[in-house]
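Report on the structure given below.
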Amino acid sequence: MSGPTDFEKFASTQYAALLRTAYLLTQNRSSAEDLVQATLAKCWLSWNRIQGDDPLPYVRRTLINTYTSWWRRKWNTEYPTEELPEVVDHGGHSGVETGTDLARALARLPKRMRAVIVLRFYEDLTEAEAARLLNCSVGTIKSQTSRALTKLRVDPSILDHCPAKEGRA
């Protein structure tokens, strides 16, 4: 793919999927939109260099790298105020419900664990693919997945809806 029309076609067809991934990572609609826009801007600048029939892995990696650099920099533009901002209803979130118990439990995970869970289970990537995107070893992906699932299993918002199993106190 090359040229502005190819990029526009790609961006318009993949925007919802990229936004869903970004939302699951950031847990904030505005931050997710900013993340997708920053990612697409970076990719547009190097669109002619993106090789292959499927640029999605390259763009996804750029999204993850951008997200990672934001959290490493402690990027945060939210400040406490006495007045709450106006509430805006954005409609649907491309299949992601912000009020679900699982979304709340996911938001309580550390950012790296959240990234691993999103890539492995929401994006359905293999351990090797997730490791490549997060620039770490497969062992790190395995251990982060295990720790994250352990935290999710004991999260109170999820436990409240699980029937008690026999033999459990």
**Prompt:** By how many nm would the segment from Glu33 to Ala16 grow when fully extended, if each residue of separation counts as 0.36 nm and the alpha-carbon distance is taken off?
**Reply:** 5.1 nm
**Request:** With a/c under 1.5 counting as rounded, go ahead and sort segment 1-75 into rounded, prolate or oblate using the C-alpha gyration tensor (a ≥ b ≥ c being the square roots of the eigenvalues; past the cut-off, prolate if a/b is larger than b/c, else oblate).
**Result:** prolate
**Item:** Theoretical gain in end-to-end length, Asp101 to Thr5 [0.36 nm per residue, Cα-Cα removed]
**Value:** 30.5 nm
**Complete:** Computed from the beta carbon distance with a Förster radius of 45 Å, FRET efficiency for Arg49 and Val154 to the nearest 0.05 stands at 0.50
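Only the coordinates and a few stated rules stand behind these numbers; no lab work does. Owing to the predicted nature of the structure, the values given are computational and were not obtained by experimental measurement. Cβ sites come from the backbone with ideal geometry, for glycine too, and all protein chains shown count toward neighbours.
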